[in-house]
Amino acid sequence: WSVLNLSPARRVDLLTLRNGVFVDLGTLPLPAGNYSQVRLVLADNAGGQAPFANQLDLADGSEVELKTPSAQQSGLKLNVQMSIQPGQLGELVLDFDPCRSVVKAGNSGRYNLKPVIQAYVNPTNDIEGYTQPGAVVSAQQGGVALKSTTADTDGKFVLWPVDTGTYDLVITGAGLANAVLAGVQVGTGENIVSAAATPLLPPPGADFRQVLGTVTMASPIDAELRALQQVGTYPGSATPLWIEAARTLADAELGTYAFSLPTAAPQQAFWQPGVTSYAFTAVGDQAGLYTIEARAAGFDQPKYLDVSLKLGDAPAANFAFP
């Protein structure tokens, strides 16, 4: 092993690292050759008092220890395919998704780290644009969100790094109908889909419904829930255009989860080369219709819900795994 030792340990606020912002952990000389694994070793939560080396800051201002038992011993293991050439600099970017990495553990007040980290070698590509400030923007393929961010106070968003390819750009958020700019082709470098003067603005979706449920399985509970919605079809084909409208983790002890989903008709637009101004079109026959999908230990279960029919109620989608 070659070790990049940060002494003292570097404390990083992960929620500040979005829209192209990153923190440089340093450089390390390596012999030329091929490398296949990186381990990110977290500092020990010693002392038992805040501030902890690894912690979660809750909305009420309290500081909670983030449990990281396995990560403290051998490190978070990331498989990479990185070739270091003689006399050249290689760049490795670790993209840590905090919203998918923290799991509540019942009523104990504990939170566990379930790290979701992607490794990129020598990244150069991004997707840039403008939308409503505070909206969540994600790059998706086949209804799976691969990267997401929250638009800043000016509405600007940057999804970086992303691989070359074709993506569906999904916009969700409080007070908004779900919207998708489909078929965005990402090439090398900056890929700009909208300008400050012509932001991607989904129409309001004032009515939201809470979807509640429970996942039952052998302890410990390790399940991910996704809310999927069909937004018409791709142009010139009968292929359904699915988007991931929300994603969450089931409580590690109780198995409970919750979504807040708009009842408004989802919106679609289709990407065109060189265009930075789009108008969304409503897909009325899909208003309030969702598929709630639960994944756990190699199992995948869907349940279909029409949240617009549950006025004042909380629709339930419960799942049971072997």
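The values are calculated or read from the model by the stated rules, or taken from the named source; none is laboratory data. For clarity, every value in this text was computed on a predicted model and none was experimentally measured. Glycine gets a Cβ as well: all are built from the backbone with ideal geometry, and neighbour counts include every protein chain shown. What goes into the accessible areas is simple: the full protein's heavy atoms, side chains included, and nothing from ligands, DNA or RNA. Shrake-Rupley method; radii C 1.70, N 1.55, O 1.52, S 1.80 Å.
If you count only protein heavy atoms with a 1.4 Å probe, what accessible area per residue comes out for the range 225-322, rounded to a whole Å²?
For the range 225-322, the per-residue accessible area is 46 Å².
Of all trypsin sites (Lys or Arg not before Pro) in the range 1-109, which ones are in loop regions per DSSP and have a Cβ with at most 15 other Cβ atoms within 10 Å?
Hits after loop and neighbour filter: Arg10, Arg11.
Report the full-extension gain for the segment Val144 to Gln37: residue separation times 0.36 nm, less the Cα-Cα distance, to one decimal in nm.
Taking 0.36 nm per residue and subtracting the Cα distance, the gain is 36.0 nm.
Please find the FRET efficiency linking Ser108 to Arg10, where r is the Cβ-Cβ separation and R0 is fixed at 25 Å, and quote it to the nearest 0.05.
0.30
Top to bottom by accessible area (1.4 Å), largest first, where do Ile171, Ile221 land?
In descending accessible area the options line up as Ile221, Ile171.
Semi-axes of the chain's equivalent ellipsoid from the Cα gyration tensor, sqrt of 5 times each eigenvalue, largest first, rounded to whole Å?
Sorted largest first and rounded, they come to 33, 28, 18 Å.
Stick to Cα atoms and the Kirkwood definition of Rh, then tell me Rg/Rh for the range 105-209.
Ratio of gyration radius to Kirkwood radius: 1.03.
With r defined as the distance between the Cβ atoms of Ser2 and Val116 and R0 fixed at 22 Å, what FRET efficiency is calculated, to the nearest 0.05?
0.30
Report Rg/Rh for the range 60-141, rounded to two decimals, where Rg is the Cα radius of gyration and Rh the Kirkwood radius.
A ratio of 1.06.
How long, wide and thick is the range 23-175, going by the Cα atoms along their three principal axes, in whole angstroms, largest first?
51, 42, 28
Kirkwood Rh over alpha-carbon pairs of the range 1-94, then Stokes-Einstein at 4 °C and 1.567 mPa s: what D in µm² s⁻¹, rounded to an integer?
83 µm²/s
Suppose the chain between Thr233 and Ala196 were pulled fully straight at 0.36 nm per residue; how much longer would it get relative to their current alpha carbon spacing?
The span from Thr233 to Ala196 would gain 10.5 nm if fully extended.
Would you mind telling me the share, in percent, of accessible area of the chain contributed by carbon and sulfur at probe 1.4 angstrom?
Roughly 52 percent of what the probe reaches on the chain is carbon or sulfur.
If each Cα of the range 130-277 is one equal point scatterer, what is log10 of I(q)/I(0) from the Debye formula at q = 0.09, 0.13, 0.18 Å⁻¹?
-0.31, -0.62, -1.08
Per 5 Å bin, what percent of the C-alpha pairs of the range 227-302 does each bin hold, from zero upward?
Taking every Cα pair in the range 227-302, the percentages come to 3, 12, 19, 20, 16, 12, 8, 5, 3, 1.
When the chain is modelled as a GNM with alpha-carbon springs shorter than 10 Å, which of Gly47, Gly175, Gly90 fluctuates the most?
Between Gly47, Gly175, Gly90, it is Gly47 that shows the largest mean-square fluctuation.
Pairs of lysine in the chain with Cα under 21 Å and at least 8 positions apart or on different chains: total?
So the count works out to 8.
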